[in-house]
Amino acid sequence: MHAIDAAPVMPRNWDHYRAAVVDIRIPDRTVHVEPRPSGTAEGSFPEAAGSATVHVITAWNPLGRTASVDANARAHRLLLDEVRRRGLTWWPAQGGDASGTHREESVAVVGLGDTAARDLGRRFGQDAIFAWSPDAWRVLACDTAAAAVSGWAAAEKGRSGGLGKR
């Protein structure tokens, strides 16, 4: 079989990534983003992002394996160092399942293209990252060109945050 004939290999947890929700702590509020059917854009896209894509990237649990609290904290600090070194606009974020039983500390980064965002996710051992734009919510595989495109709904969670400890 030739490589072009092979179906793309999807990350093991692809369906979980496609159903994941994200909380982004924009300076004056926290926005909760959930996937919706394609073509849906409910709520407000962050004005501070303009029309640029907001990529949500984590360094937690590389390769889809649960890491220790210390290892995840260390990896997150390295991710923050890299984002700051590049001079990117970013906001604290958390992604996880809709029930809230699994959450991963993340960053919501403005100013990267999809390729650079995938590269950053891959550098931190991630299977996938999220890409939020005014017209779509996308899950992007880090090791392949695989992507799942859907719509989104964003709701303000309030001024106090509620994203857990920093």
Within region 89-101, is even one residue within 13 Å of the chain's Cα centre (by Cα), closer than 23 Å to ILE26 by Cα, surrounded by 18 or more Cβ atoms within 10 Å (Cβ to Cβ) and free of Cβ contacts under 8 Å to residues at least 24 places away in the same chain?
yes
Residues of region 72-92 that turn out to be closer than 17 Å to ASP127 by Cβ and among the small types (Gly, Ala, Ser), as a count
1
Checked against (1) within 22 Å of THR30 (Cβ to Cβ); (2) touching a residue at least 24 places away in the same chain (Cβ under 8 Å), ALA146 satisfies every condition except (1)
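So is GLU47 of a type in the set (Asp, Glu) and at pLDDT 95 or above or not?
Details: of a type in the set (Asp, Glu): yes; at pLDDT 95 or above: no.
No, not satisfied.
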Matching residues, region 27-69, being more than 21 Å from GLU156 (Cβ to Cβ) and free of Cβ contacts under 8 Å to residues at least 60 places away in the same chain
TRP60, ASN61, ARG65, THR66, ALA67, SER68, VAL69
Quick one: how many residues across region 16-53 are assigned to a loop (DSSP other than H, G, I, E, B), within 14 Å of PRO92 (Cα to Cα) and of a type outside the set (D, E, K, R)?
2
Candidate set from region 56-74 (those that are assigned to a loop (DSSP other than H, G, I, E, B) and either exposed (fewer than 14 other Cβ atoms within 10 Å of the Cβ) or charged (D, E, K, R) (or both)); member that is modelled with the highest pLDDT
SER68
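May I ask you to say which residue of VAL109, VAL83 is over 13 Å from the mean Cα position of the chain (by Cα), surrounded by 15 or more Cβ atoms within 10 Å (Cβ to Cβ) and under 19 Å from ILE26 (Cα atoms)?
Details: VAL109 fails: over 13 Å from the mean Cα position of the chain (by Cα).
Just one listed residue meets the conditions, VAL83.
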In region 59-80, what residues are hydrophobic (A, V, I, L, M, F, W, C) and over 16 Å from the mean Cα position of the chain (by Cα)?
ALA67, VAL69, ALA71, ALA73, LEU78
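The values are calculated or read from the model by the stated rules, or taken from the named source; none is laboratory data. The structure displayed is predicted, hence computed values, not measured ones. Virtual Cβ from ideal backbone geometry, glycine too; neighbours counted across all protein chains shown.
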